[in-house]
Amino acid sequence: MKRWSKWVPAGLALSLAATMTGCSSDKLAGGEGGKPSVTLKELGKDEKASIKVLFFDKNYFSQLYGTLFSSKFPNIDVQVVSMQNIFEPGKDTKKEYQKLVEEEKPDVLLLPTPELFEQWATDGKLLQLDDVIRQDKFDVENMMPTVIEQIKSMGDGKLYGLAPSFFSKALFYNRDLFEKHGVPLPKNQMTWEEVLELAKRFPTNGQGEQRIYGMASYYQFNGGKPIGYEYMREIGSALGLSILDREKGTVTLQSDSWKKALTLAVDAIKSGAIYNAKDSKPIEPGMTMEDIFKQDLFATGKAAMAIEGSYYIETLLRAKDSLKDVKPVNWDIVTVPVDPRSPEASDSVSISKFFAVHVDSPNQRAAWELVKYINSEEVAKAVSSSSPGELSSRTAYIKERDGRTLEPFTMLKLVRNGYPKGAEPVPASFYSAFDQMAQAEVQAVVESKKSVDEALKTMQEKGQDIYNKAKQEQKNTEQKGQG
């Protein structure tokens, strides 16, 4: 089931107070790269402190971190500044975030996207944490290397924030279906070709409740929309491809690699190995969770494989409890399909909660204590089971779930496809318009109305027009806002 992008409403006020030598920090010679190092004076035992933290929701913050932190640091007052309103439709999240920070002046920042975190780190708005991590001997060695590497990659090799959790994807498979039909079990680090060949080994002649599929991922909930483009995009992503050259502002679909991705997707759909989501029903208001689970072909034992996020484990566990008349799936996982040229890497890891200290905070020690605590082993142990789908950045708490190892979520190194540092952000309107056009083009190939080359040519030309129009509209909006 597709994970819903949900911004938790926020409104908690964190007040921490801290003192530091000098103004907000001591600047001492001898830091890395010739830069002065940063040291933060410890809070005295009875010293009061107060800070603000930017977060989604007051209650959610209290549940995850606030109550625990206050019991450990009763001398630090914590207030939460809600980010709820900046995610409303039609608003420029980046500008609304900047405005909120300028108005409220929080000491601790939650940056909810990699692009926003990278921008703020590059602009020098976040406190570099490498020195204070060494000063406090804070343990980052036992945090997920992939997560730490991703954060460092956004800060020219430096840590300007930390992330207590992350999301990842894996290839889920139904062990019983594989054994019943004599198909070899999936392995870690398979290519897309290998995965789709396995999918094609399952029978496609069943009718009604007897019909099974080699693969049916969350695209099955498209509500009647063709799914060929979704698979093309997934395959292309594994091969390190991007729809856009963001530095040049050009659509990049007419290539041998994209041709391979589209051909693989179309062939698999035509074979009947992949469930064709254009025949599915959309999720509608009033549906019970049982109704939704019954539409999930993997959860109901009608699909052999599904590529899903770490959140999907919770879906399977809930389906097990909700579907009393359905045999629970005997599932397991391996890594997502990889590029055969770099089988040790993937772009399947994502972070949506970066915590950082504002460089201008007058309370940097107290702010750092909160960031440090949120990313501590103590908190990881306490909340590891309270955030379904999120995996703890502390490796000790991502060993297994429901008797299955979670290693496939964590064993691949990270590659960031299509996100060159400092590139202009893509207008949000581009993707919605482009996806609609691309879905129709790929479906035309599935229906043998167009060749692969013809579809890619159209997608490139129309896609470029869509991008140029979206950028011009963005420019006009910005000029209007400045006028």
Quiz item: Which ³J(HN,Hα) values in Hz, rounded to whole numbers, follow from the phi angles of region 353-363 under the Karplus curve 6.51 cos²θ - 1.76 cosθ + 1.60, where θ = phi - 60° and Gly and Pro get x?
Solution: 9, 9, 9, 9, 9, 5, 5, 9, 5, x, 10
Quiz item: Considering only Thr67, Gly240, Pro145, whose Cα is most displaced toward the positive end of the charge dipole of the chain, charges sitting on Cβ of Lys, Arg (+1) and Asp, Glu (-1)?
Solution: Gly240
Quiz item: region 268-379: Rg/Rh from Cα coordinates, Kirkwood Rh?
Solution: 1.13
Quiz item: For labels at Glu197 and Lys469 in the simple 7 Å Cα→Cβ model, what's the distance in nm?
Solution: 4.3
Exercise. Give me the lysines in straight-line cross-link reach of Lys462: C-alpha distance below 16 Å, same-chain residues under 8 apart excluded.
Key: Lys450, Lys471
Quiz prompt | Antiparallel bridges, percent of DSSP beta bridges restricted to the chain (to nearest 5) | solution = 70
Quiz item: Can you list the lysines whose alpha carbon sits under 24 Å from that of Lys72, skipping same-chain ones fewer than 8 residues off?
Solution: Lys41, Lys45, Lys48, Lys52, Lys58, Lys137, Lys353, Lys372, Lys381
Quiz item: Taking the Cα centre of the chain as origin and charging only Cβ (+1 Lys, Arg; -1 Asp, Glu), how large is the dipole, in debye to the nearest 20?
Solution: 420
Practice problem: Note the count of lysine pairs whose C-alpha atoms are less than 27 angstrom apart in region 230-346, limited to pairs 8 or more residues apart or on different chains. | Solution: 26
Quiz item: Given the rule -39500 (n - 2.57) for each run of at least 4 DSSP H residues, summed and divided by the residues of the chain, what is its mean residue ellipticity at 222 nm, to the nearest 500 deg cm²/dmol?
Solution: -11000 deg cm²/dmol
Quiz item: Helices from the chain with mean Kyte-Doolittle at least -1.0 and a Cα length along the axis of 27 Å or more, per DSSP H: which?
Solution: 428-446
Self-check item: Accessible area of region 285-337 belonging to carbon and sulfur atoms, whole % at 1.4 Å probe
Solution: 50
Quiz prompt | Total formal charge among the other residues, if their Cβ is under 14 angstrom from that of Pro184, Lys/Arg +1 and Asp/Glu -1 | solution = +1
Self-check item: Accessible surface of region 86-148 [probe 1.4 Å, protein heavy atoms]: carbon and sulfur percent
Solution: 50
Quiz item: For region 129-212, what is the convex hull volume of the alpha-carbon atoms per residue, in Å³?
Solution: 153
Quiz item: How large, in percent, is the carbon and sulfur part of the accessible surface of region 441-483 at a probe radius of 1.4 Å?
Solution: 46
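Once you order the gyration tensor axes a ≥ b ≥ c over the Cα atoms, which shape class does the chain get: rounded for a/c under 1.5, otherwise prolate or oblate by comparing a/b with b/c?
Cα axes put the chain in the prolate bin.
Using the heavy atoms of the protein chains and a 1.4 angstrom probe, tell me the accessible area per residue for the chain in square angstrom.
Working: 22390 Å² over 483 residues.
Value returned for the chain: 46 Å² of accessible area per residue.
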Self-check item: Protection proxy ranking of 389-395, 404-410 - average other beta-carbon atoms within 10 Å, highest first
Solution: 389-395, 404-410
Quiz item: When the chain is fully extended, how far beyond the present Cα-Cα distance does Glu209 get from Lys105, taking 0.36 nm per residue of separation?
Solution: 31.6 nm
Exercise. Starting from the Cα of Lys480, draw a straight line to each of the aspartates and glutamates and keep only those under 19 Å, dropping any in the same chain fewer than 8 residues away.
Key: Asp92, Glu96
Quiz item: Ordered by packing density, taken as the mean number of other Cβ atoms within 10 Å over each peptide's residues, highest first, how do 343-350, 248-255 rank?
Solution: 343-350, 248-255
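So if I place +1 on the C-beta of Lys and Arg and -1 on the C-beta of Asp and Glu, and nothing else carries charge, what would the dipole magnitude of region 254-349 be about its Cα centre? I want it in debye, nearest 20.
Roughly 300 debye, rounded to the nearest 20.
The values are calculated or read from the model by the stated rules, or taken from the named source; none is laboratory data. Just so you know, these numbers come straight off a predicted model, no measurement behind them. In this analysis, Cβ positions are derived from the backbone assuming ideal geometry, glycine residues included, and neighbour counts consider all displayed protein chains. All accessible areas refer to the heavy atoms of the entire protein, side chains included, with ligands and DNA or RNA removed. Shrake-Rupley method; radii C 1.70, N 1.55, O 1.52, S 1.80 Å.
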